[in-house]
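**Student:** Right, I'll just put the structure down here and ask away after.
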Amino acid sequence: MSAGSEARVILPPPGNIDNRTDFQENSVRSFTRDRPEIRSGKAPRVINLLPENGETAVSSTHRIISLAKAGPVVGRVKVKGRMVRFEAKEKPEKVKEPAPAAKPEKPEATSGAKEKEKEKEKTPASTTGPEKKEETFTTGPAEKPAENEAAPAAEAEIIPFPEKKEKKPINYAYLKKCVMRVVVICAGLSLIAYLAGAVIFSQIFYPRTVLNGIGCGLLPASKTEELISETIAGYSIEIKGRDGMTGTISSEEIRLMPVFHGEVKETIKAQQPFRWPLLFRKLQEIDLEEVTLYSNESLREAVSKLPFFDPENIRKPEDAYIGDITDQGYVITKEDKGTVPIESGIVKTVASAVDTLDKTVSIDNDACYETAVVTSTDKELNTLLENLNQYCAAKIIYEFGDKEEILDANKINEWITVEGSEVTFDESQVAEYVKTLARRYDTFGQPHAFTTHEGEEITIVQGAYGWWMDRTKETEELIECIKSGYRGKRTPVYKETAAQYGTPDYGDNYVEVDLTNQHLWVYEGGKPVVDSDFVSGNVSKNNGTHVGIYGITYKERNATLSGANYASHVSYWMPFNGNEGMHDATWRSSFGGDIYLTSGSHGCVNLPLEKAAEIYDHVEEGEAVIVYGGKTYTPPAQPEPDPLVLDPMQQLQLLIDAGILNPDGSIPETTTVQE
């Protein structure tokens, strides 16, 4: 640290530094032990503030300043029972401008400064006035540091830590006493306010009080009576009837006037003034019938003149009933209440409203109008509705290709008989409906138009292919659908089905079998994909393959076909008409031509093995097989008999005819036989 530099030392108050007994070295060591970074030299060092032998507080401070040259110094000491932290840092050197040469200092000045410094140390703290937060000590050149000490800084600044003021203990007893005083005062004020409110609301109405439709909040009895009298003077009541019809009666028509006999005062007394904190903001609606007086005869006359009694405004009521069938089934048509007024009921209703000065009153009720006998809530009517809708709620849709048949309430209604609230359903009508559908859309056993591979238009009338509805089962299931109220699409129960609805029902995938040319074609998507020659049933033995349209019953690999006197193994078996079907025939070497006429099969279509395998892969169960054509077998012609050559029978007949022989072959008695 160069001359003129400064070190800043933060210490306990100066008044405590001189007292040796207040500093304890173990406090500093304890602080060092808690801070390992200080022991390692990587942080500010900790020094002992205790003045060493022969040191005063000031000289001890100089020693601390000299130690601060090596780096910042921090420490902690115990002063009068509490720990105090200090820090000593070297202040940065100040660059000063060159000064003129100083005059040699006089020894007297140095000695005088030293004496002043000693006098300053001896001066008691009490005589120096208030403690300063910062003190500056200046050392002169006459005072030399000890031999083993480094030269102290020319100037040092000491800043003491401020002492903490001790807090005074809280006086809880006094605090409790103050709180109790506040509570008692508040309770007293609340009681006074409560009693004052009870007195006030025993004389006036609550703020939200409505008496006979007149707002009289915070008014006394006298003011309320005046307000009622003013209201009655201009009073009129609107009467609302059915169909939006209305009528009005004024106070003059019924000679209405106010009458008071202390009822208003009694009402105020009865409003429970000691409950005013709860009722203060609550709406109070009060009806007093004793405060008005009117002529009953005048009221009856005024009512009879209302428009409700005009003949053109009167309509008789009508009972509720079950209306026409809808898409959702039957529904109840609500009753018409009508507009036939009942005078006595209207008079009574209007009188009650006038008693409480109501401005409007409704007479749309059974007491003021005649009503229907049977309403929409009638139990018997709703039971009938439920029974009807048990059947008529159903809506069943049949789809036959691009055609649609809908069975809904409009049709089902024809099959129902109603007796009271009981409903009878005629199931035989359902069977007739199913028969109608079958006749309209069944194609099984019906003629089928067909265009051959050669383009010839023919009609197939034989066979067993097409849509065939199971009428019995479909009738049973349709009845259940109707009773359960089913709504949706339905497919009939079929015995036999076809490829599609419409014409042709066999679709675009089928097998064409030409018996005449002994050739067949397999079609997919309307185009031939496989064709082959074949050998059909033996015509000469009446085993010819039957013509017609059929469906492939099933497909089977490695089957054994057996008959009365044969059993044949085949690899591909595709029956279509009972025991007639297509299969491979490995025992044949040739196919096609007229082989079938005399050497055909037992009725099956015999195919080459490779063709049978190919066809097997293309056809599916149910696919149509259309068989047509074929020839009739004619046996060879026999030679004509020679008329001169007679067979034994002819000769015998000639002898009989000539009378030579009897018919039984005996010789007549008149015949003479020559030897």
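**Student:** Does PHE444 count as on the phi < 0 side of the Ramachandran plot and crowded, with 17+ Cβ neighbours inside 10 Å?
**Tutor:** On the way: on the phi < 0 side of the Ramachandran plot: yes; crowded, with 17+ Cβ neighbours inside 10 Å: yes.
When the stated conditions are applied, PHE444 passes them.
**Student:** Still on this model: For residues that are in contact (Cβ under 8 Å) with a residue 60 or more places away in the chain and within 9 Å of VAL535 (Cα to Cα), scanning just region 577-593, find the one that is surrounded by the most Cβ atoms within 10 Å (Cβ to Cβ).
**Tutor:** PHE591
**Student:** Take the residues in region 513-540 that are farther than 16 Å from HIS583 by Cα and free of Cβ contacts under 8 Å to residues at least 24 places away in the same chain, then tell me which one is most open to solvent (accessible area, probe 1.4 Å).
**Tutor:** So the residue we want is LYS527.
**Student:** On the given criteria, is ILE460 in contact with a His (Cβ under 7 Å, 6 or more places away or on another chain) and surrounded by 15 or more Cβ atoms within 10 Å (Cβ to Cβ)?
**Tutor:** When the stated conditions are applied, ILE460 passes them.
**Student:** Further question: Answer yes or no: is there a residue in region 484-494 that is open to solvent by 60 Å² or more (accessible area, probe 1.4 Å) and under 30 Å from LEU597 (Cβ atoms).
**Tutor:** Within region 484-494 (the criterion being open to solvent by 60 Å² or more (accessible area, probe 1.4 Å) and under 30 Å from LEU597 (Cβ atoms)), the answer is no, since none of the residues qualifies.
**Student:** Next question, about the same structure. Which of the residues that make up region 208-238 are in contact (Cβ under 8 Å) with a residue 24 or more places away in the chain, out of contact with any helix residue (DSSP H, G or I) (no Cβ under 8 Å at 6 or more places or on another chain) and among the polar types (S, T, N, Q)?
**Tutor:** Within region 208-238, THR209, SER229, THR231 meet the criteria.
**Student:** Next question. Pairs, please: C-beta under 8 Å, at least 6 apart or cross-chain, first residue among the small types (Gly, Ala, Ser) and in region 406-420, second open to solvent by less than 60 Å² (accessible area, probe 1.4 Å) and assigned to a helix (DSSP H, G or I)?
**Tutor:** Note: pairs meeting the criteria are ALA409/CYS392; GLY420/LEU384.
**Student:** Next up: Among the residues of region 569-609, what is the count of those that are under 27 Å from TRP467 (Cβ atoms) and outside any loop (DSSP other than H, G, I, E, B)?
**Tutor:** Qualifying residue count, region 569-609: 9.
**Student:** Say we look at region 277-336 and pick out the residues that are touching a residue at least 40 places away in the same chain (Cβ under 8 Å), among the polar types (S, T, N, Q) and assigned to a helix (DSSP H, G or I); which of these is most open to solvent (accessible area, probe 1.4 Å)?
**Tutor:** Ranking the candidates gives ASN296 first.
**Student:** Determine which single condition ASP358 fails, assuming it passes every other condition in (1) outside any loop (DSSP other than H, G, I, E, B); (2) open to solvent by 40 Å² or more (accessible area, probe 1.4 Å); (3) farther than 30 Å from PRO492 by Cα; (4) not β-branched (Val, Ile, Thr).
**Tutor:** (1)
**Student:** Can you say whether THR472 is farther than 17 Å from LEU607 by Cα and either open to solvent by less than 40 Å² (accessible area, probe 1.4 Å) or of a type in the set (Ser, Thr, Tyr) (or both), as far as the supplied structure shows?
**Tutor:** Yes.
**Student:** Just need a number here: residues in region 538-554 that are more than 18 Å from TYR465 (Cβ to Cβ) and either of a type in the set (S, T, N, Q) or at pLDDT 95 or above (or both).
**Tutor:** 4
**Student:** Within region 603-615, is even one residue charged (D, E, K, R) and more than 18 Å from VAL529 (Cα to Cα)?
**Tutor:** No, the conditions are met nowhere in region 603-615.
**Student:** Please identify the pairs in which a residue from region 610-628 that is touching a residue at least 24 places away in the same chain (Cβ under 8 Å) and part of a strand (DSSP E or B) has its Cβ atom under 8 Å from the Cβ atom of a residue that is open to solvent by 40 Å² or more (accessible area, probe 1.4 Å) and of a type in the set (Gly, Ala, Ser), counting only partners at least 6 apart or on another chain.
**Tutor:** What qualifies is ALA624/ALA499.
**Student:** Would you pick out the residues in region 235-261 that are open to solvent by 70 Å² or more (accessible area, probe 1.4 Å) and in contact with a Phe, Trp or Tyr (Cβ under 9 Å, 6 or more places away or on another chain)?
**Tutor:** Answer for region 235-261, where residues must be open to solvent by 70 Å² or more (accessible area, probe 1.4 Å) and in contact with a Phe, Trp or Tyr (Cβ under 9 Å, 6 or more places away or on another chain): ARG255, MET257.
**Student:** Further question on the same structure: So LEU478 passes all but one of these: (1) more than 30 Å from LEU609 (Cβ to Cβ); (2) in contact with a Phe, Trp or Tyr (Cβ under 9 Å, 6 or more places away or on another chain); (3) open to solvent by 20 Å² or more (accessible area, probe 1.4 Å); (4) hydrophobic (A, V, I, L, M, F, W, C). Which condition number does it fail?
**Tutor:** Looking at each condition in turn, LEU478 falls short on (3).
**Student:** Which members of region 539-556 meet the condition of being in a loop (DSSP other than H, G, I, E, B) and within 59 Å of the chain's Cα centre (by Cα)?
**Tutor:** ILE552, THR553, TYR554, LYS555
The values are calculated or read from the model by the stated rules, or taken from the named source; none is laboratory data. Since this is a predicted model, take the numbers as computed values, not measurements. Counting neighbours? That spans all protein chains shown, and the Cβs are built from the backbone with ideal geometry, glycine included. Side chains are part of the model used for accessible areas, which takes the heavy atoms of the whole protein and leaves out ligands, DNA and RNA. Shrake-Rupley method; radii C 1.70, N 1.55, O 1.52, S 1.80 Å.
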